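What follows is a short report on a single structure.
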Amino acid sequence: MRIVVLAGGIGGARFLRGLKSAAPDADITVIGNTGDDIHLFGLKVCPDLDTVMYTLGGGIHEDQGWGRADESFAVKEELAAYGVGPEWFGLGDRDFATHIVRTQMIGAGYPLSAVTEALCARWQPGVRLLPMTDDRIETHVLIDDPDAPAAEGADEGRPARKAVHFQEYWVRLRASVPAHAVIPVGAEQAKPAPGVLEAIAAADVVLFPPSNPVVSVGTILAVPGVREAIADAGVPVVGLSPIVGDAPVRGMADKVLAAVGVESTAAAVARHYGSGLLDGWLVDTVDAAAVGEVEAAGIRCRAVPLMMTDVEATARMATEALKLAEEVRA
Ligand code: GDP
Ligand code: CA
């Protein structure tokens, strides 16, 4: 069975660990989000690709869900001693090595897809990990800019706005201010990375893990051709809700959902993806009342436990997703 999964960071990576356990013989291709990528200290950092690679390769900091286990921070402390920031982005010594290798290879002319493959040769994640694109896409978030003069004309009185990098919004500001828009800068000119459209066309099933629907899965779908390829593949497309009991299980997905006008409910996220894309949707048992609403939108829906407390519980979620895919196919 060939499975394609569109993954962000923590939610995607943890789901993939369960999927591998539930379907050990499946051929899994992961299309990873690169909209969160950021250049820091002259290095290219790909947080979501690395979270998938470290989680599946056994190097992840388990409690944190990102970065390396057994980490130390000597390089960051030395940089800080020179007054060189940003201090708000956590980069440990072990993690730095990954970004140095990646940046060196990109400097030598290799595309990100080839670099990712080279990094995965060490980590052996047991899936084929592809960046969504080799081109640069950077997610920006539009927020109020209290320091700028207020807008004039039609917008008079409304505070001026500015765009900040997604990491600045998420990590530095902790999504504490309203997001007015989420913009995948560069997406219109980007092309899917080699292998992405081919994997979708050859898939038996496409899964959306409980990743952030806006800044993880949404950004991947913004790469021209990807959404169309999934809709045209003619195979079941099944997703799992990252929203449980009307709130994200972890993180601040509600803030970026609000920016795109979507309520933080499992049913609203399903409708946001839409029946043109999604055939099946799993909601948590606490949201069982939402099943009817999702099915009324033309998406087959089941309520099952969706908390990824351990690999076994996550494997059961993956099994339910594959079961729903078979129902859709039939
Ligand atoms: P990020 O890039 O690290 O933010 O990770 P993702 O985009 O892949 O996943 C983030 C989403 O995972 C958040 O919106 C969470 O609500 C969701 N999530 C995290 N843990 C769980 C869980 O145990 N169950 C469910 N259903 N969702 C989860
Ligand atoms: Ca991310």
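Plugging the Kirkwood radius over Cα pairs into Stokes-Einstein for the range 123-198, at a temperature of 25 °C and a viscosity of 0.890 mPa s, what D comes out in µm²/s?
Values: Rh = 15.1 Å.
Rounded to a whole number, D works out at 163 µm²/s.
Hey, quick one: spin label on residue 27, modelled 7 Å out along Cα-Cβ, who in the range 219-239 has an amide N within reach, i.e. under 15 Å?
Nothing falls inside the zone, counting backbone N under 15 Å.
Short version: ³J(HN,Hα) in whole Hz for each residue of the range 238-250, in order, from phi by Karplus 6.51 cos²θ - 1.76 cosθ + 1.60 (θ = phi - 60°), x for Gly and Pro, what are they?
10, x, 10, 6, x, 9, 10, x, 6, 8, x, 5, 7
For the range 200-225 and the range 255-330, write down the distance between their C-alpha centroids in whole Å.
Taking the Cα centre of the range 255-330 as reference, the centre of the range 200-225 is 14 Å away.
Relative contact order for the range 138-188: what is it in percent, counting Cα pairs under 8 Å that are at least 6 residues apart?
Details: 75 pairs, mean separation 25.7, N = 51.
Relative contact order here is 50 percent.
If I take all pairs of Cα atoms in the chain, what percentage of them are more than 30 Å from each other? Please report the intermediate quantities before stating the final value.
Numbers: 18155 of 54285 pairs.
Every Cα pair in the chain considered, those over 30 Å come to 33 percent.
Within the P(r) computed for the range 11-115, what percentage of the Cα pairs occupies the region above 24 Å?
29 percent
Could you check which residue among 192, 131, 178 shows the biggest mean-square fluctuation in a GNM of the chain with a 10 Å Cα cutoff?
178
Read the figures in this text as sums done on the coordinates, not as results from a lab. Because the structure is predicted, anything quoted here is derived from the model rather than measured. When we count neighbours, we look across all protein chains shown, and the Cβ atoms used for this are built from the backbone with ideal geometry, even at glycine.
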